[in-house]
Structure formats: C-alpha cells, structure tokens
Amino acid sequence: MIEDVIASEPKPSGKNASTRQEGITNLTAQRLSDISSTEEKSRILTGISELDRVLGGGIVLGGVILLSGEPGVGKSTMLLQLCGAVSRNYSVLYVTGEESIRQVKLRAARLNVPQENVYLIAENDVDEICGLIEKTKPGLVIIDSIQTMRCADVSSSSGTVSQVKESTARFLEVAKKQEIPTFIVGHVNKDGGIAGPKVMEHIVDTVLYFEGDKMLPYRILRAAKNRYGSTNEIGMFDMTGRGLTEIENPSMQLLEGRPLGVSGNCVACTMEGTRPILSEIQALVTKTSFPTPRRACSGYDYNRMNLLLAVLEKRAGYFFGNLDVYINIVGGLSLHETSCDLPVCLSLVSSLTDQPIGDKVIAIGEVGLGGEIRSVPNLEYRLKEAERIGFEKAIVPRYGMQQLDTSVYPKLKLIGVSSIQDALHAIQG
Ligand code: TYD
Ligand code: MG
C-alpha cells in the first residue's frame, strides 16, 4: 500500500467557458513550412556512435530522454561517459540524488572522462534544480535518478507515482522552454514496479532501455519510444574494467573463439534494426535420465523450440521423444526472429546425429509447420554480413534466393532450399 495524497485543485478564476465569446482569441497558429528546422542546429552529436544511432542521430535540443534499466546495469556509468564526451563542446550539469559528489568524482577519474566542463551537484529538490538549470543554462542536463527527486509541494515521499510524475513534468517544462536536452535515469524495480519508469513513458520524448545480464559483459541499448527517430536500432556495449566500450563489430565479437568442428552448433543471422548480427546457436541432445525428458532454452523461445522439434519429427523423421534437448544462444543474446528457425533445426539434428555442420556455414530461414522453408526479410544484408565475416556457404530459402542477385556475393556459395529435408541434405552432402 502506498499513500498518495491528492492536493485540492485551485478553482479557476474568471476564465471559464460561460464567458467565452465566439471567435475571440489571442492565439495564432504557425504555418508548418515557416517553422525553421535546421537539423544540424537542433541536434547534439555525442561522439558515442552507438548511442547516437539509437537516438536517431544525436540528442535533440530540448528533448527529454528516459534511460531505464535494472539497478547496476550501468546507467550512471554510461551517462558519466556521455558527460565526458559532450563536455568537449558543451557544459554539462550532472545532478545526482543517489551518490555523493565524491563518489561521482572517483568514478569519473576511474573512467578517465574529461572533467573541465562537467558540473556536479548532489540535490533532490526539483524546484531548486530547475532554478539552477535556468540560471546556468548548461548544454546538457543529467538527472540520476528520478526516483530520488522530490517536489516540496507534493506531500508523498520520493519514488511514489505522484512524485515521479510531477518531477518529470517539471523537468520537461524547463527542458522545452530552455531547449536543454535532459537525460533522466529511471530504475526498473524487480516486479515491474509501481513507480517505475512506465508511469512517465508517455511524458518524455524518448525512452531507452539498457539491458544486459549483470554476469555477462554485453549491454544492449534499445529505444522503446522515440519521437525523433526509429525504435528499431540497438546499440551494443561491453562493460569493461574501465567503463563501457562500444562494440562496433558485434558479429565478430560474438563468434570469436567459438569451437570448431563440434556437433550441435550452427550460426544464425538476425536483424537488429538495420544491422545484421551473426550469432551462434548451440543445441545439445542427450539421453534422458528422467521419466519425462527435459527441454530447456537460454536466449530462445521455449515454445518455438517445441514446435520445431515437432516439425523435425513429423516432416524429417528425427525423433527426440526420449531425449533431453537444450538450446543455448552464445553471448547472452536473445533471439526471437523466425530466421533462426532453420539454424535451430540444423543444430538440433547435428547434435542428434553427432555430425558437425561445417564451420563456414550459415543458415537463414523460417520453418513452417509443413516443413517448408520460408523467406525472411533483408536477406541481402544478412548475406553481405556473412560474407564479410568470412562464411563460405549459406543455406537460404529458395524463394528468397530467386529474388537475389547472387553475383553480389562472390565468396559465398548460396544453396537455396525449399524444405527441411533439402536443408538437412545440403549440410550432410
Ligand atoms: P552503474 O552505472 O552504477 O549502474 P546503475 O547506475 O545502472 O545502477 O554500474 C554499476 C556496475 O557497473 C557495477 O556493478 C560495476 C560495473 N562497472 C564496471 O564493470 N566497470 C566500471 O568501470 C564501472 C564504473 C562500473
Ligand atoms: Mg546509478
């Protein structure tokens, strides 16, 4: 139970509907074509290219960006590095409600960020902070985090729904009026959260999610809402001892050091926004020691795996009835695209028969219930990436291949398949 005190609204004085006169107003609307919108003037490039891409080409002036993620995922680290990057050209105000100034200083020193133009304050009174922003007019404001901020005139404690909403609204107002871009950190609490970032998603311009397993170094930045760009792009980062570093070549990194000549492994290619990413799918099929065999997935959809197992049994004659089946996506990634169906099927059969799939083979395609292989979008980008990484053979949907200009991929041997049997034949033959 959370107490949420509703303050009584002041009565509107005089200006109510009954005194309105028809056609009399002080408002004028501007013509859309008359409003200036020079792109380069309205955006700040951060210099962190993964972040710029997710934001749709830099930070929009006056934009309010919510960065949410679980505690400890690296939000403060990312924003401190952003401060450093932006401070070369603009002054930055970093408001921390969680750490002391000294703690931030220590972290900044460790991350080696430029400190000349970054101003720090440990404060949680929203009106005071707004006043400071208006007075100093920095180029960028960071609020870490919204759950620690409070408006003095709202009587509930900080972190409650009314405080979070009201604080966000006030920061938004200042950001829009002064055209100062503002980043707001919002923690996602374990249970989805009563006063979590969800309650302010409709207020802000952009919502970014920072995701990642705390045990694994990869961090993925995703836009869930963006008024100034696409929400398809992702940014990939690596959490190292000296802060976050960008992963410019994720495919290479994800495939690095994979075991060669082992059965049960197959490489898939998924699209993350406009970027193709290759990743390794591992399957393990073993004799069960339980009354009902175990099925488990890590990074892959459990129900989709069961569906594919059923297709393999019915359409290709491979039986998994008394066998444990495990699927693992290497690197802590989650794959949800249908283009992974074919590589998952191939790795399952490879593990079952203990026959390795070649190391230079990639498979792309959706598997239907009839065992047919269906086309997937953006096949040309996926194949370009596979060729770039050094793959030599690609198993692709036959229909999709007919639409392609195969001479664009001189180093890649394309094998078009129309059914799951064809595909299995292609890797065995
Ligand atoms: P932090 O940015 O404080 O998380 P958040 O603000 O999202 O709660 O990140 C904390 C984690 O990041 C911490 O568990 C340790 C790790 N980390 C590193 O691995 N390297 C570093 O250089 C830093 C600063 C943090
Ligand atoms: Mg933090």
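The values are calculated or read from the model by the stated rules, or taken from the named source; none is laboratory data. What you see is a predicted model, and the numbers here were worked out from it, not measured in a lab. We place every Cβ from the backbone using ideal geometry, glycine too, and count neighbours over all the protein chains shown.
Give the residues of the range 82-96 that are within 13 Å of ligand 1 (Cβ to nearest atom) and closer than 21 Å to Val204 by Cβ, sorted by residue number.
Leu82, Cys83, Tyr94, Thr96
(1) within 19 Å of Leu82 (Cα to Cα); (2) loosely packed, with under 15 Cβ neighbours inside 10 Å; (3) within 12 Å of ligand 1 (Cβ to nearest atom): which one isn't true of Leu216, the others all being true?
Only one criterion in (1) within 19 Å of Leu82 (Cα to Cα); (2) loosely packed, with under 15 Cβ neighbours inside 10 Å; (3) within 12 Å of ligand 1 (Cβ to nearest atom) is unmet by Leu216, namely (1).
Need a quick list: strands (runs of 3 or more DSSP E) entirely within the range 296-414 having at least 3 residues that are in contact (Cβ under 8 Å) with a residue 12 or more places away in the chain and either surrounded by fewer than 18 Cβ atoms within 10 Å (Cβ to Cβ) or out of contact with any helix residue (DSSP H, G or I) (no Cβ under 6 Å at 6 or more places or on another chain) (or both). Walk me through it before giving the result.
On the way: elements: 323-329, 361-363, 393-397.
Where strands (runs of 3 or more DSSP E) fall fully within the range 296-414 and carry at least 3 residues being in contact (Cβ under 8 Å) with a residue 12 or more places away in the chain and either surrounded by fewer than 18 Cβ atoms within 10 Å (Cβ to Cβ) or out of contact with any helix residue (DSSP H, G or I) (no Cβ under 6 Å at 6 or more places or on another chain) (or both), they are 323-329, 393-397.
Conditions: (1) of a type in the set (D, E, K, R); (2) within 16 Å of ligand 1 (Cβ to nearest atom); (3) without any contact (Cβ under 8 Å) to a residue 12 or more places away in the chain. Asp52 meets all but one. Number of the miss?
The failed condition is (2).
May I ask you to say which residue of Ala108, Ala122 is within 16 Å of ligand 2 (Cβ to nearest atom), of a type outside the set (Ser, Thr, Tyr) and under 20 Å from Val164 (Cβ atoms)?
Values: Ala108 fails: under 20 Å from Val164 (Cβ atoms).
It is Ala122.
Would you confirm, using the coordinates I've provided, whether Thr160 is over 22 Å from the mean Cα position of the chain (by Cα) and more than 16 Å from ligand 2 (Cβ to nearest atom)?
Values: over 22 Å from the mean Cα position of the chain (by Cα): yes; more than 16 Å from ligand 2 (Cβ to nearest atom): yes.
Spelling it out, Thr160 is indeed over 22 Å from the mean Cα position of the chain (by Cα) and more than 16 Å from ligand 2 (Cβ to nearest atom).
Do any residues in the range 68-84 that are assigned to a loop (DSSP other than H, G, I, E, B) have Cβ atoms under 7 Å from those of residues that are within 9 Å of ligand 2 (Cβ to nearest atom), where the two are at least six apart or on different chains, and which pairs are they?
Pro71/His187
Looking only at residues that are surrounded by 20 or more Cβ atoms within 10 Å (Cβ to Cβ) and away from ligand 2 (no atom under 16 Å from the Cβ) in the range 181-204, which one is modelled with the lowest pLDDT?
Within the range 181-204, the match that is modelled with the lowest pLDDT is Ala195.
Give the residue, chosen from Val64, Val60, that is more than 16 Å from ligand 1 (Cβ to nearest atom) and surrounded by 24 or more Cβ atoms within 10 Å (Cβ to Cβ).
Val64
From the list Ile129, Ile146, which residue is more than 14 Å from ligand 1 (Cβ to nearest atom), buried (at least 19 other Cβ atoms within 10 Å of the Cβ), under 21 Å from Ser100 (Cβ atoms) and not charged (D, E, K, R)? Give the steps one after another, and end with the answer.
Details: Ile146 fails: more than 14 Å from ligand 1 (Cβ to nearest atom).
Testing whether each residue is more than 14 Å from ligand 1 (Cβ to nearest atom), buried (at least 19 other Cβ atoms within 10 Å of the Cβ), under 21 Å from Ser100 (Cβ atoms) and not charged (D, E, K, R) leaves just Ile129.
Taking Asp144, is it more than 15 Å from ligand 2 (Cβ to nearest atom) and among the charged types (D, E, K, R)? Outline the logic, then answer.
Details: more than 15 Å from ligand 2 (Cβ to nearest atom): no; among the charged types (D, E, K, R): yes.
No: the conditions fail for Asp144.
Search the range 223-249 for residues being free of Cβ contacts under 8 Å to residues at least 24 places away in the same chain and of a type in the set (Ser, Thr, Tyr), and hand back the single one that is farthest from ligand 2 (Cβ to nearest atom).
Filtering the range 223-249 for residues free of Cβ contacts under 8 Å to residues at least 24 places away in the same chain gives 224, 231, 238, 240-241, 245, 249.
Still in the list and also of a type in the set (Ser, Thr, Tyr): 231, 240, 245.
On the way: Thr231: 24, Thr240: 18, Thr245: 19 Å.
Result: Thr231.
Give me a count of the residues in the range 250-266 that are within 30 Å of Gly229 (Cβ to Cβ) and surrounded by 15 or more Cβ atoms within 10 Å (Cβ to Cβ). Step through it out loud before you land on a result.
Step one: list which residues in the range 250-266 are within 30 Å of Gly229 (Cβ to Cβ), which gives 250-255.
From what's left, surrounded by 15 or more Cβ atoms within 10 Å (Cβ to Cβ): 250-251, 253-255.
Residues meeting the conditions: 5.
Only one residue in Glu123, Glu134, Glu116, Glu99 is within 16 Å of ligand 1 (Cβ to nearest atom) and surrounded by fewer than 21 Cβ atoms within 10 Å (Cβ to Cβ). Which one? Reasoning before the result, please.
Numbers: Glu123 fails: within 16 Å of ligand 1 (Cβ to nearest atom); Glu134 fails: within 16 Å of ligand 1 (Cβ to nearest atom); Glu116 fails: within 16 Å of ligand 1 (Cβ to nearest atom).
None of the others qualify; the one that does is Glu99.
Quick check on my filter: what residues within the range 283-293 are out of contact with any Leu (no Cβ under 8 Å at 6 or more places or on another chain) and at pLDDT 95 or above? Steps first, answer last, please.
Taking the range 283-293 first, the residues out of contact with any Leu (no Cβ under 8 Å at 6 or more places or on another chain) are 284, 289-292.
Of everything in the range 283-293, just one residue is out of contact with any Leu (no Cβ under 8 Å at 6 or more places or on another chain) and at pLDDT 95 or above, namely Leu284.
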